[in-house]
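Right, one structure below, let's go through it.
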Amino acid sequence: MLLVFRRAAGLTQEELAKAAGMAARSIRDLERGRRVRPQRRTVQMLVSALGLGDADAAALLAASRSGRQVSPPADDCAVGSGLFGRQDQLVVLERAAGEARAGRGGVVLVRAGAGMGKTALLDTWAGGRQPQEILVVSASGAELEQGFAFAVLRQLVEPLLARAGDEGRARLLSGPAQLASHALRVEGTGELSPEASLGLLHSLYWLMVHVADEGPVALVVDDVHWADAPSVRWLEYLARRLRGLPVLLVLAGRPDNGAGIEPMLERIAGQPNCRTVGLPGLDIDSVSHLVRASLGPGEPRFVAACASATESNPLLLHELLRTLADNQVRATDDQAHLVEEFRGRILARTVVKRLADEPEPVLRLARALVVLGDEATWTVAAELAELGESTARELGGRLRQIGVLAPGEPVRFAHALVRTAVAEAVLGPVELAAGHARAAELLRRDGAADDLVAAHLLLAEPGGESWWVDTLREAARATRGRGAPEVTSAYLRRALREPVSVDERGPLLLELGKDEMQIDVGAAKHHLTQASTALADPYALAEAASLLASALFLSHEHERAVDTLARAVDDLGQTDDGGIGLAREVSWFLQAQMLLIGYDQLSTLPAARRHARRLWDHKLAGDTPGECMILAALSASATTGEASAQVANDLLDRALRGGLVAADTSHMLVTLAGLAFVATDRLDDAVALFDRVGDTGGRWGSFLMVSSAMTWQLLVQARRGRQLPLTADFGHPATTADQGLEPRVRLSMATQVGESLIERCDLTSATEVLTADADFDRVGWTWQGPALLARSRLHAARGNPAAALAILHEYGAEANRVHVMSLAYVPWRSRAALLHLTLGQRTDALQLATEELELAHQWGTERAIGVASRCLGVIQGGHRGLALLREAVAVLKRSPARLELARAHYGLGTALMRSREVDEARQALTQALHLADACGSVLLAGQVRGALATAGVRPKPAPPAAPSLSPTEHRLVELLRAGHSDRQIAQALLLTPHDVTALIEQAGRKLGVSSRTELASKA
């Protein structure tokens, strides 16, 4: 360690000794490990002399306590190690480790070409670590394992679980880390649902949090360019969440490998906590040193020729020098021309040439090992090479002697470049593919795992063997349970290249489409469409139709989705299920999905409405899961005005009593039920369902579910009348890292924030928030309506009632065209009526206000009746108007709509002032002010204060403006108030513990408090 820091500082031993007030011999002894455990004062003197920062000082102190030498001097390095001249890189690793030990996790990404010494660098650094200082676990990518699911992850995590023991293992995999069991093939874990598999990376992150609770840990991955995609996805996910964790991630790989994982590695490199390390070619002094070690003193031109021929690549230089030594070449300038002959063909003229001189059995073994890859068993290698096992082992020794294989067991090539060179020399593409086919057969017969057999089948040409398809499907099934859809899809695509029967092809296409739904909706549509024409089983056809409809919905092809489901429902109606009711139950699920999709867009609403009317006639009780799904879906029909709020509530009650929550694994209908309860003003019931969605999202690691639940919970607050001071920024790290908000959620959140900003008279910010969304035309009319109302309000607030009215009439024309009369979410008529009144168009205003009051009584909630009554009362005026306003106040008192009640009190107060009923007017206005201030409506409170002043009342001063919190900060504070710990909050909101700490501090600064307790009590 001391040597590393001294060289980084550019000091000689004598210079450091003088600066530290020590003897030069003491420095030499410390660097060579001859002095164990130096005194703390000695270390402090060295820290001062070297000018080390906190992290480096901590690293030097830790090394001194362990009494060991971290990295050997360069002169002691093995000639072929590739580590020569890598002291600067070791310094970077040491500093990063020091940061990690201090709880500031980070990434070191080593990018260098093949043969530049990446492995030697990692081995040297990792080999010198002590577990009590930082626990190091290592893994390596492999060409043949790129198609495995979480191969690298398992190499890293399985040793950690093993060393923890049974009790520790249970703790590591507890709570939010529970789903990680699937990726790790823990015994007893079932198949992972598609919904839950989306949160697998989050669960694996929490596994590492639990590991780090025991102390600092370094995860070292060599040859990351060959790592499997699921593992690299996890590494990228982890890299973004290391702040505040004592975890160091060290990755080494080739740059610009062109593989599918390269974009993920680039994103890791772009993280602010990532140190990127390169490995340049050896300098001329290092080349000279290595030449001297192999051939004796080297003359300048000879050394330069060696550097030029190998481009200073340590591996190539090692092979060149070995060959020159075998041929007794002297390192003199007159021999430099011999070196030049090797340029560009080092391995071909060294390792491959040595191999070519070997007898045929050695070549056959080399071919077999190229096919099988590293860590092949001698049994299979021997059989593939058509040799006896003992003979293969003996010939393996010869391959080690000539530099093809690395020394020792398990079987490994000396380097990946050597394997590539040997493969190009002894195997053509046809032979290689045939070798993989034969290897798959041997491994299967040997009882190897399906994924290992499948890895070779992926590289073989179609062979027509029936067991190939079976093996690939079995490997896909096993992988599906581990949450790696890209790997599963690769197996099934390969299976489809085989000549399968019509009976086999349909199920294969269905399985493939189902897996592709998680990674490539376009490909899923293609294969599910094919499956629909190839399948014969009615229930498989129904599943294909459901998946295809989901894919079409996600692609905004609603008409095709509804048609697909309608055909599937008709087909099921012709199915004889022997009277057990299975066809009918499956049909209910499809029809519920049809209603969900159909009511999302105005273009499909008429067809969905016709189907809903037929379903109403069944008068379902909710006795089966399918019936519960139908009842919940019919609530969408009710909230468009086709039934009353009471009917909608009855539907939802029956669905929930029948087990909707258990039946709806995706929680889409549970969310719909919550939104329907919002429409019927059963807000406590809505909150309970949204809490359930959020809890499930936290367990599954689903940001979509968590962000949706947060948004709908804020919607409930708005429906109660609370104008929360929220920022437009959602405030969650996920919205700026791996994913943004889902378009419907984003539009709903923007609408709520925009409405709140209007109420708080911040029209500039409201304009920014309510600017047209790029996805506005694709989110569905249900979500567009509230946004259009908010934009209309903004125009009116900015003094442009004509523009505000135009927006409402355009929306109303579309709604009337498809006979949508709902007041559940978009009471556009009352808004338009008041704008008409502002423009002096009283007749139009009365017509719209009268229509809305009639519709409000049909819908039946106090909110709808109260809002419509207030509107008509204001327009009507006179005694009839006063009666309507009094009715509005009385009705709204029974509703949870506090801000609407404040508006009704204000309308009544101003009307009473015009009737010269001053005392009653003052009472109404005082009540309006109290409610407006309590709700946080600066706009309404300002209007009421003006009216009170006119009435001769001096109103109380306006409360100070509350600081704005992001939606995430607001939810965090709510959880604080509920008594949640920081870690529980992190788990619930899909944050890291460090994120929670930072957000608590940030919210505290905004609210002017300095402690967690004060924050919880003040919010």
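General observations
- Taken together, 228, 222 contain a single residue that is surrounded by 22 or more Cβ atoms within 10 Å (Cβ to Cβ), modelled with pLDDT of 90 or more and more than 20 Å from the chain's Cα centre (by Cα), which is 222.
- Among the candidates 907, 840, 873, 866, the residue that is modelled with pLDDT of 95 or more, part of a loop (DSSP other than H, G, I, E, B) and under 26 Å from residue 807 (Cα atoms) is uniquely 840.
- Counting only residues that are of a type in the set (Val, Ile, Thr) and not in a helix (DSSP H, G or I), region 410-465 holds 1 of them.
- Residue within region 548-555 that is part of a helix (DSSP H, G or I), farther than 23 Å from residue 526 by Cβ and not β-branched (Val, Ile, Thr) present: no
- Residue pairs whose Cβ atoms lie under 7 Å apart, sitting 6 or more positions apart in sequence or on different chains, and linking a residue in region 903-929 that is closer than 11 Å to residue 944 by Cβ to a partner that is surrounded by fewer than 19 Cβ atoms within 10 Å (Cβ to Cβ) and not hydrophobic (A, V, I, L, M, F, W, C), are 906/943; 929/955.
- Filter pass, residue 777 being surrounded by fewer than 19 Cβ atoms within 10 Å (Cβ to Cβ) and either touching a residue at least 12 places away in the same chain (Cβ under 8 Å) or closer than 18 Å to residue 940 by Cβ (or both): no
- Scanning region 884-909 for residues that are touching a Leu at 6+ places or on another chain (Cβ under 8 Å) and either within 26 Å of residue 961 (Cα to Cα) or small (Gly, Ala, Ser) (or both) yields a total of 14.
- Residue check for residue 455: closer than 22 Å to residue 223 by Cα and either crowded, with 22+ Cβ neighbours inside 10 Å or under 28 Å from the mean Cα position of the chain (by Cα) (or both): yes
- The sole residue among 90, 144 that is among the hydrophobic types (A, V, I, L, M, F, W, C) and farther than 30 Å from residue 477 by Cβ is 90.
Conditions (1) assigned to a helix (DSSP H, G or I); (2) touching a residue at least 40 places away in the same chain (Cβ under 8 Å); (3) surrounded by fewer than 19 Cβ atoms within 10 Å (Cβ to Cβ), marked per residue:
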residue	(1), (2), (3)
690	yes, no, no
696	yes, no, no
705	yes, no, no
708	yes, no, no
712	yes, yes, no
722	no, yes, yes
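- Enumeration of residues in region 141-156 that are within 18 Å of residue 250 (Cα to Cα) and in contact with a helix residue (DSSP H, G or I) (Cβ under 7 Å, 6 or more places away or on another chain): 141, 142, 150, 151, 152, 153
- On the stretch given as region 717-737, residues that are among the hydrophobic types (A, V, I, L, M, F, W, C) and under 11 Å from residue 969 (Cα atoms) total 2.
- Test result for residue 469, part of a helix (DSSP H, G or I) and touching a strand residue (DSSP E or B) at 6+ places or on another chain (Cβ under 8 Å): no
- Per-region count, region 441-457, residues of a type in the set (A, V, I, L, M) and over 12 Å from residue 144 (Cα atoms): 4
- Selection status of residue 201, farther than 27 Å from residue 120 by Cβ, within 15 Å of the chain's Cα centre (by Cα) and not in a loop (DSSP other than H, G, I, E, B): yes
Residues checked against (1) within 51 Å of the chain's Cα centre (by Cα); (2) surrounded by 15 or more Cβ atoms within 10 Å (Cβ to Cβ):
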site	(1), (2)
270	yes, no
294	no, yes
322	yes, yes
327	no, no
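- Pick from region 611-629, criterion surrounded by fewer than 24 Cβ atoms within 10 Å (Cβ to Cβ) and among the aliphatic types (A, V, I, L, M), ranking: nearest to residue 542 (Cα to Cα): 615
- Conditions (1) out of contact with any Pro (no Cβ under 8 Å at 6 or more places or on another chain); (2) surrounded by 15 or more Cβ atoms within 10 Å (Cβ to Cβ); (3) part of a helix (DSSP H, G or I): number failed by residue 816: (2)
- Subset of region 548-588 (residues that are surrounded by 18 or more Cβ atoms within 10 Å (Cβ to Cβ) and either of a type in the set (Ser, Thr, Tyr) or touching a Gly at 6+ places or on another chain (Cβ under 6 Å) (or both)): 550, 562, 564, 587, 588
- Taking the criterion of being of a type in the set (A, V, I, L, M), under 19 Å from residue 98 (Cβ atoms) and outside any helix (DSSP H, G or I), the residues of region 205-226 that qualify are 217, 218, 219, 220.
- Boolean, residue 325 is out of contact with any Pro (no Cβ under 7 Å at 6 or more places or on another chain), in a helix (DSSP H, G or I), more than 17 Å from residue 422 (Cα to Cα) and aliphatic (A, V, I, L, M): yes
- Residue match in region 134-152 (condition: within 26 Å of residue 996 (Cβ to Cβ) and in contact with a strand residue (DSSP E or B) (Cβ under 7 Å, 6 or more places away or on another chain)): yes
- Test result for residue 542, of a type outside the set (S, T, N, Q), without any contact (Cβ under 8 Å) to a residue 40 or more places away in the chain and not assigned by TED's automatic domain parsing to the domain that holds residue 624: no
- Residue within region 746-758 that is more than 30 Å from residue 241 (Cα to Cα), modelled with pLDDT of 95 or more and assigned to a loop (DSSP other than H, G, I, E, B) present: no
- Here residue 824 fulfils each of the conditions (1) surrounded by fewer than 22 Cβ atoms within 10 Å (Cβ to Cβ); (2) part of a loop (DSSP other than H, G, I, E, B) apart from (1).
- From the options 883, 803, residue that is assigned to a helix (DSSP H, G or I) and under 20 Å from residue 906 (Cβ atoms): 883
- Here residue 676 fulfils each of the conditions (1) at positive phi; (2) more than 27 Å from the chain's Cα centre (by Cα) apart from (1).
- When residue 286 is tested against (1) in a loop (DSSP other than H, G, I, E, B); (2) under 30 Å from residue 330 (Cβ atoms), only condition (1) is not met.
- Residue 839 vs. criteria under 16 Å from residue 871 (Cα atoms), surrounded by 21 or more Cβ atoms within 10 Å (Cβ to Cβ) and either free of Cβ contacts under 8 Å to residues at least 60 places away in the same chain or touching a strand residue (DSSP E or B) at 6+ places or on another chain (Cβ under 8 Å) (or both): no
The values are calculated or read from the model by the stated rules, or taken from the named source; none is laboratory data. Small disclaimer: the values here were computed from a predicted structure and weren't measured. All Cβ positions, glycine included, derive from the backbone under ideal geometry; neighbour counts span all protein chains shown.
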